[in-house]
Amino acid sequence: MVLYNPDFDVTKKTLSSLASQVDQICVVDNSPSDHSEVLSGYESVEYKPLLKNIGIAAAQNIGIRYFIDLGYDFVLFSDQDSIASEKVVDKLLENYQALKEASIKVGAVGTRAINRQTGLPYVEKSNEIRVIDKRVLSNTSNITECYSIMSSISLIPCKVFNIVGGFDESLFIDGVDNEWCWRAWHKCGLRSFIVEDAEIGHMLGEGDRFFFLKKVAIASPFRVYYQFRNYLWLCRRDYVPRYWKKKNGMKYFVKLFYFPICVAPRAMYLRRIVHGVISGLNPVKSNWPILLMLSSLLKISRGGKCLIISRIQNSKNLIVSSYPLYA
């Protein structure tokens, strides 16, 4: 489990929902403060305070190394605010074994997230490949094969990380779980599944708002930067599905206008979006007209008068091409 300035009323419920279902919990804390005292009452919790935010991918890789070093067979991932239903881990294990017995190469099995505000499941039809009826395999659930699944709450065999690698730390936060699933399929033919009756209570971003009858998940300005940057980075990778590039291109085009106009703090959203786009377009020449325009918008939103980019750092290794778990 990865923490970042958590609401401990919710995080304690998350820990309690998992404590009886797993042998050991490793909590990697990206918060600037040490929360050892708050977590001291949990005997099965190994707490690792980092005192700085190194990103969810790097924090998850620390947890993966911890469990691999201890000889565990599986790693179960959880967010700080995902509350698991009873026997959710047993359901994931049972269905993983059923898929393996059917000679299906499994990378990850995950849960069906339920929106805590509405009580409705999060469903993304374009991400779904097929539904495997529970009567087809010797299992207890309907299973949906997906291009990718979210990491919370998901189960991945430790041995898979030795083949696929860990999570891409260059992405920091957004798209980390998606990228790993796509890479697992592209590199090794390993597939991702959702066990439909393994449910968790979850909330995407800061909640939802409606825009022309469409729900828009509200992210913080901090996260919006990574959404725009990582979208542009991932679009360069040939193993990222075309449907995702197209769908998210449309989504971020809407957010490009929606956040700075409709969501406070508007100026902050504009700055973070522009910064994310500029970072996402690297490495490019700093005198490109599009970058001059974006930089001008950024300076204007800050109240400045400078209308040129003074410098953009060029790097030949902005996108990580290997994902080792050990240095």
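What follows is calculated from the coordinates using simple rules that are stated; it is not laboratory data. Just so it is clear, the model here is predicted, and its values are computed rather than measured. Quick reminder, even Gly has a Cβ in these numbers, built from the backbone with ideal geometry, and neighbours come from all protein chains shown.
Please give, to one decimal in nm, the separation of the simple spin-label points placed at ARG236 and GLN24, each 7 Å out from Cα toward the Cβ.
In this crude spin-label approximation the distance works out to 3.8 nm.
Under a point spin-label approximation (7 Å from Cα along Cα-to-Cβ), what is the SER33-PHE253 distance to one decimal in nm?
Label-label distance for SER33 and PHE253, simple model: 4.4 nm.
If I stretch the segment between LYS134 and ILE163 completely, what's the gain in nm (0.36 nm per residue apart, minus their alpha carbon distance), one decimal? Provide the component values of the computation, followed by the final result.
On the way: separation 29, 0.36 × 29 = 10.44 nm, distance 2.92 nm.
My answer for the length gained is 7.5 nm.
How long is the gain from LEU70 to LYS12 if the chain were fully straight, where each residue apart is worth 0.36 nm and the alpha carbon distance is subtracted? The partial results should precede the final answer.
Working: separation 58, 0.36 × 58 = 20.88 nm, distance 2.48 nm.
Answer, rounded to one decimal: 18.4 nm.
For segment 153-179 and segment 80-138, what is the separation of their C-alpha centers, rounded to whole Å?
So the two Cα centres are separated by 17 Å.
Compute the semi-axes of the equivalent ellipsoid of segment 160-200, taking the square root of 5 times each eigenvalue of the Cα gyration tensor, and list them largest first in whole Å.
On the way: eigenvalues 76, 46, 14 Å².
Largest first, segment 160-200 gives 19, 15, 8 Å.
Tell me the volume per residue, in Å³, of the convex hull enclosing the alpha carbons of segment 81-170.
Considering the Cα atoms of segment 81-170, their hull volume per residue is 136 Å³.
Determine the gain in length on full extension of the stretch CYS262-SER44; use 0.36 nm per residue of separation and subtract their C-alpha separation, reporting nm with one decimal. Write down the numbers at each step before the final one.
Working: separation 218, 0.36 × 218 = 78.48 nm, distance 4.45 nm.
Value of the extension gain: 74.0 nm.
Stokes-Einstein diffusion coefficient for segment 1-143 at 4 °C in a medium of 1.567 mPa s, Rh from the Kirkwood formula over Cα pairs: what value in µm²/s? Could the numbers behind the result be given before it?
Values: Rh = 16.9 Å.
The estimated diffusion coefficient comes to 77 µm²/s.
Past 26 Å, Cα to Cα: identify those pairs from LYS125/LYS246; LYS187/LYS245; LYS87/LYS247, in the order given. Spell out each step's value before the answer.
On the way: LYS125/LYS246 14 Å; LYS187/LYS245 19 Å; LYS87/LYS247 34 Å.
In this structure, LYS87/LYS247 exceed 26 Å between Cα atoms.
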